[in-house]
């Protein structure tokens, strides 16, 4: 039984002949077409995305100059690791805290040291979204659109500039999706499909080693493989098979069941375990690994305190309660002094509404094309979104925040790209361009409440914070 589809010779021939059933990738004409289909262009675009994002996220990173929001937890935890290997915040796995520690070791115990690795992880996340989109669309132009929309969603920018764990979870999760998709859609080499699968599995383990919620995506991707394996075991056949079907005949497997177990079970477990080696060595026993898991379970299932910005999972799609990470009058004055003459530095984890709400509609489109058209790309986006969202419905601790939804928000850019480029008989490049312009202008408009670099006065605040629940 094989788990990952491999394109049939008939499908390849149909694609080459321009057969309708193959639905060949759509590209724009002329020079743009050569750019869209060029691997060199994709590589150069990826490099530019990474460097540009790193510069953008790094700009003004020292503001604010003191720890804020959950940095008050994770900076001391990283400081303790750096000083003597002491484990603080044991409710989370160690990797993200170790990465913050690495930034402090390189750049010092200061705002740049605290946040540099977050900025790096944000740039990696954006690059991974580009790679994931390239894997799905095989079109650099369309992948660039998905990446630009992701940059404009606001939440990636906010999380890339604070020393918290979530951006590292997002980075490894996005890398896992890119590698999984490359493996899933590989049409020429079993060895390459296996390599991508193993790399994806390692990233799933590393995501889980940042926050245990990395398990959600891990479980979702395994569920995809089990679904396809079950369908092949039952020898399911479609009346009109197409090359983009999420399930193809087992005559063309890319990797087998045993290889899938190695890639998506053994590799993630190994990666997760290895992040505990410093802790195990310090304790002098491998028993520490199992004791750490027990401590996390006990903390995560315990009674939690209330929080003014807490929200329940079913409210997140409406974005009724974003989390304020910072609000302080410049110069440290009292809130009553806030005015046009004394603006406030503010940072809120508010998704760009001009991306957020249309993007969620696009997710429903992805779900529909998976079910109605058996579309593989639609399946991957829909599973990535819901696998990282729905498990919060059974969170035993009960304390939840809107930023737990951010890994799912990363799926909105690729989902919107599917709508604009794969929903009709031809791509809608004009509409996509118009949408991107609006999204970019909205991001620029919200930047004063995304970054403490641009203090906002009461009128500017009111123009951006539309509802009482956003305050």
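The table below gives the values:
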| read-out | value |
| --- | --- |
| Between segment 96-147 and segment 431-471, the Cα center-to-center distance that results, in Å | 23 Å |
| Listed peptides 270-281, 71-82, 306-317 by packing density, highest first (mean Cβ within 10 Å) | 71-82, 270-281, 306-317 |
| Calculated log₁₀ intensity ratio I(q)/I(0) where the Debye formula runs over C-alpha points of segment 162-201, q = 0.30, 0.33, 0.35 Å⁻¹ | -0.89, -0.99, -1.06 |
| Order by protection proxy (mean Cβ within 10 Å, highest first), peptides 140-147, 100-107 | 140-147, 100-107 |
| Helix 412-422 axis, angle to the chain major axis (alpha carbon atoms, nearest 10°) | 30 degrees |
| Length-normalised contact order of the chain in % [C-alpha pairs under 8 Å, at least 6 apart] | 20 percent |
| Computed label-point distance, nm, for sites residue 274 and residue 309 using a 7 Å Cα→Cβ extension | 3.5 nm |
| Overall Cα dimensions of segment 335-471 - principal axes, largest extent first, Å | 58, 46, 22 |
| Neighbour-count order for 450, 357, fewest beta carbons within 10 angstrom listed first | 357, 450 |
| Value at 222 nm in deg cm²/dmol, rounded to 500, when DSSP H runs of n ≥ 4 in the chain each add -39,500 (n - 2.57) | -18500 deg cm²/dmol |
| Folded to 0 to 90 degrees: helix 190-208 orientation relative to the chain principal axis, Cα | 20 degrees |
| Centre separation in Å (Cα based) which lies between segment 374-403 and segment 317-345 | 31 Å |
| Mean separation of Cα contacts under 8 Å (6+ apart) over length of segment 348-435, as relative contact order % | 33 percent |
| Degrees, to the nearest 10: 95-107 long Cα axis against longest axis of the chain | 60 degrees |
| Segment 286-413 - percent relative contact order, Cα under 8 Å, separation 6 or more | 33 percent |
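Here, each number is a calculation from the coordinates, and none is a lab measurement. Computed from a predicted model, the values in this text were never measured in an experiment. Glycine gets a Cβ as well: all are built from the backbone with ideal geometry, and neighbour counts include every protein chain shown.
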